[in-house]
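Student: First the structure, which I've put down as structure tokens, then a few questions once you've had a look.
Each value in this text was obtained by applying a stated rule to the coordinates, not by laboratory testing. Treat the numbers as computed from the prediction; the structure is a model and nothing was measured. Cβ placement follows ideal geometry from the backbone for every residue including glycine, while neighbour counts extend to all protein chains displayed.
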């Protein structure tokens, strides 16, 4: 059971901004844009952040990672199951690395 | 809860909300398990896992935080971590605003505290119940409490599983991050309107990662991609109108 001041500050900061955003939605409910540019922008943020997170990891990866990414995507589209998709990706990267090394 | 002239008891509605959220709590549990395993790999301590899941309680933001996290405190990117949580969670503005009809005209500040328990899952069930005319703050809280318990407990189980593995890279587990994020991304697919924002985000992030150290490519790509998506959407609507 250990932590550091840096980690506590980061986590408390994350918690504060999260509850602030959630509470602001309710408090400003009557004044927020329901459609138009700002609303569309907010809706697109999560997908764009995840795409920005995944893309560099894939282009800098080895062929094993690229093959595993295809397997991950394929299994997720078939099963819609996050855990199955992750397991397929991990298993594929493990096997392809074995094949390449051997 | 006597402020509303509603013919229900708080406990009944609380339990009804929890019951309605059982199916989605199962999906929360699956994500929670994965997050716990990855948190162990990212170098979070047990107390940090408890603090983050208990206080932040926001799945997507916590997944992004794991990618930014470093085990050495001196290099922990505190600013990017907080900024990323803010940006990833900004969409909650739209979600919690739709819950306004559940609350009385006055005393909204007290209601603001209850927003802590709002997640994508119990929000969706509450809005569906609102459309049928049978929802309340207690219903929202019941679902939120169940989601919280499900998230926290599976995070801890996942963390325990993660610590049973000594060398993650040997088993391909270093790829678990990328695989999880890729699956989370695909789960967000809503249609062709996502192509432009995702592509712009990916290309901007790749270019930024080449020139800027650290994790800024996530924020730069995320903001650029979402703005591009909004631009396309608004222009298309203008075109049709």
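Student: For B:31, A:94, what ranking results if the residue with the fewest other Cβ atoms within 10 Å of its Cβ goes first?
Tutor: If I rank by nearby Cβ atoms, fewest first, I get A:94, B:31.
Student: If all Cα-Cα distances of chain A are sorted into 10 Å bins from 0 onward, what percent lands in each bin, rounded to whole numbers?
Tutor: Pair shares across the bins are 12, 24, 24, 29, 10, 2, 0.
Student: Right, next: Ignoring everything except DSSP H segments at least 4 long, calculate the 222 nm mean residue ellipticity for chain A; use -39,500 (n - 2.57) per segment, divide by total residues, nearest 500.
Tutor: When only DSSP H runs of four or more count, the value is -28000 deg cm²/dmol.
Student: Tell me, how many Å apart are the Cα centres for the stretch B:54-86 and for the stretch A:16-66?
Tutor: Taking the Cα centre of each part, the stretch B:54-86 and the stretch A:16-66 sit 15 Å apart.
Student: Moving on to the next point. Give me the Kirkwood hydrodynamic radius of the protein assembly as shown, using the inverse of the mean 1/r over all pairs of distinct Cα atoms, in Å to one decimal.
Tutor: Answer for the protein assembly as shown: a Kirkwood hydrodynamic radius of 20.9 Å.
Student: Any chance you could run the full-extension gain for residue B:100 through residue B:22? It's 0.36 nm times the residue separation minus the Cα-Cα distance, nm to one decimal.
Tutor: Here the segment from residue B:100 to residue B:22 would lengthen by 25.7 nm.
Student: Can you compute the helix-only [θ] at 222 nm over chain B? Use -39500 (n - 2.57) per DSSP H run of at least 4 residues, normalise by all residues, nearest 500 deg cm²/dmol.
Tutor: Using -39500 (n - 2.57) per qualifying helix, the result is -22000 deg cm²/dmol.
Student: Pop a pseudo-label 7 angstrom from the Cα along the beta-carbon direction at both residue B:11 and residue A:4 and give the gap in nm to one decimal.
Tutor: 4.8 nm
Student: Sticking with this one: Please report B:188, A:86, B:125 as a ranked list, fewest other C-beta atoms within 10 angstrom at the top and most at the bottom.
Tutor: With the sparsest Cβ surroundings first, the list reads B:188, B:125, A:86.
Student: By how many nm would the segment from residue B:113 to residue B:145 lengthen if fully extended, with 0.36 nm per residue of separation less the alpha-carbon distance?
Tutor: Answer, rounded to one decimal: 10.1 nm.
Student: So, one more: Once you have all Cα-Cα distances for the stretch B:157-240, histogram them in 5 Å bins from zero and send the whole-percent values.
Tutor: Calculated P(r), rounded to whole percents: 3, 13, 14, 18, 15, 12, 11, 7, 3, 2, 1, 0.
Student: So for B:123, B:35, fewest C-beta neighbours within 10 Å to most, what's the order?
Tutor: Taking fewest neighbouring Cβ atoms as first place, the list is B:123, B:35.
Student: Would you give the gap between the C-alpha center of the stretch B:107-136 and the C-alpha center of the stretch B:213-236, rounded to a whole Å?
Tutor: Spelled out, the Cα-based centre of one part sits 29 Å from the other.
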